1. In a GNM of the chain with a 10 Å cut-off on Cα contacts, which of Val273, Val288, Val383 has the highest mean-square fluctuation?
2. Could you compute the FRET efficiency for Ala393 and Glu316, with r as their C-beta to C-beta distance and R0 at 30 Å, rounded to 0.05?
3. Would you give the gap between the C-alpha center of the stretch 230-257 and the C-alpha center of the stretch 150-166, rounded to a whole Å?
4. For an R0 of 25 angstrom, estimate the FRET efficiency from the Cβ-Cβ distance between Asp159 and Leu354 and round to the nearest 0.05.
5. Please give the net charge around Leu365, taking every other residue with its beta carbon less than 12 angstrom from that of Leu365, where Lys and Arg add +1 and Asp and Glu add -1.
6. Measure nothing fancy, just the Cα-based angle from helix 266-282's long axis to the longest principal axis of the chain, in degrees from 0 to 90, nearest 10.
7. According to a simple spin-label model (label point 7 Å from Cα along Cα-to-Cβ), what is the distance in nm between Thr22 and Arg104?
8. Nearest 20 debye, what's the magnitude of the dipole of the chain about its Cα centre given +1 on Lys and Arg Cβ and -1 on Asp and Glu Cβ?
Amino acid sequence: MTTDLAALQARHLDTLEAAYATTLSHHGFDGVLLYSGHPHRHFADDQEASFATHAHFLHWVPMPGLAHSWLLIQPGKPPRLYFHAPDDFWHLPAGLPDEAWVSRFAVEQGRFEQPPALPGGRFAVLGEVAPDLAASLEAELNPPALTAALDEGRVRKSDYEVACLREANRHAMAGHRAARDAFLAGGAELDVQLAYLGASRQRESALPYGNIVGLNAHGGVLHYQHYDTAAPARRHSLLVDAGHRYRGYCADITRSWAGRDADPLFAPLVDGVTRLQRRLIDALAPGVDFVALHARMHRELGALLVEHGLVTASAEAAVAGGITRAFCPHGLGHLLGLQVHDVGGRRATDGSPLPPPQTDPMLRLTRELEAGMVVTIEPGLYVIPLLLAPLRASSAASDVDWAKVERLAPHGGIRIEDDVWITRHGADNLTP
């Protein structure tokens, strides 16, 4: 870890200690025990599913993948880390890194499948803990008000967190470049995925989410989950939605490319969605209503559909008639941090709910932007038969050039996604 990152992390921990002391006092707790979590075995098997460390634990301890460990936070005392590292000849035990942050913690190493005993007082325990286990500790399990307050403390990122997110983006973009090259060289989806993993220097189990690698029509499946091993005979398009995790912090980036067999309509639409996304990023600043920005995305998407002749009515009519939502059913973006879809996106600062509009139930961020937030901006344009079938049967059907839509169908879709830090003066795009 560089000296600069170590200094940023020291200030991050200073801020966390002060914030937790204030929050715990406000909610009447003497302390909180954070559990890292643990992997689960598949039913009737001895193999374990993939595992992600609990994010509130990661907020303090930058070791993604650390399991069976506990962190006791008591105001006025050093954080106490119960570090699970049992003697084991079947597996390599976890080890603490030689980094400055470790000296901030009182560390006990050993076997901690069971939680440590708590001192007297009122304590909470956060994480995936069995209710009877929390009861044996005489602790309150995931109390909603405290959990919401600690979630809110993760909404605005420290300079250390932004540095980690920037580094995650740097690694992820190296993977995206390699993915593009593998596609242009004729690779199958699996080849593209392997190129991405190699260039971004990570194994598949370390990814913050399952990479989406969709050739041709697969790019129109929003969370496409397979990797074909055979290359298609025709290469219309590639969509890659793929990330990287650095010290727990997640990059979430999407790119779309035209292939050698792309219809002449497709590449200009990729350029159009890219320019639309850049305009939306330029509009980011503290105080911007994200719901209103999402509505602007639909207006500009309507204009793009009109410009390229997919819609014969006005851009306003395309939005009002539900046409744009048939071509882009997801939200403009979400908060990003220790979780890909980070906490707090649908709540106001005081914890009150901010549900999405009825027209946009998938919108994951519904609050005003604030300095310190990191958000994704990801407009899209897809040909999804399941969503276009109702449009064909609606009164707006005559406003769509269905012949052009059919020409685009083999390409699946387009999504352009970057990760953006909201600063006091505007926005800083973390994605190279």
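Taken together, the values in this text are just the output of simple stated rules run on the coordinates, not laboratory data. None of the values given here were measured: they were computed from a predicted structure. With ideal geometry, Cβ positions are generated from the backbone for all residues, glycine too; neighbour counts draw on all protein chains shown.
1. Answer for the Gaussian network model of the chain: Val288.
2. 0.85
3. 24
4. Details: r = 27 Å, r/R0 = 1.08.
So the FRET efficiency works out to roughly 0.40.
5. Net charge in that neighbourhood comes out at -2.
6. 50
7. Taking the simple label geometry, Arg104 and Thr22 are separated by 1.7 nm.
8. 820
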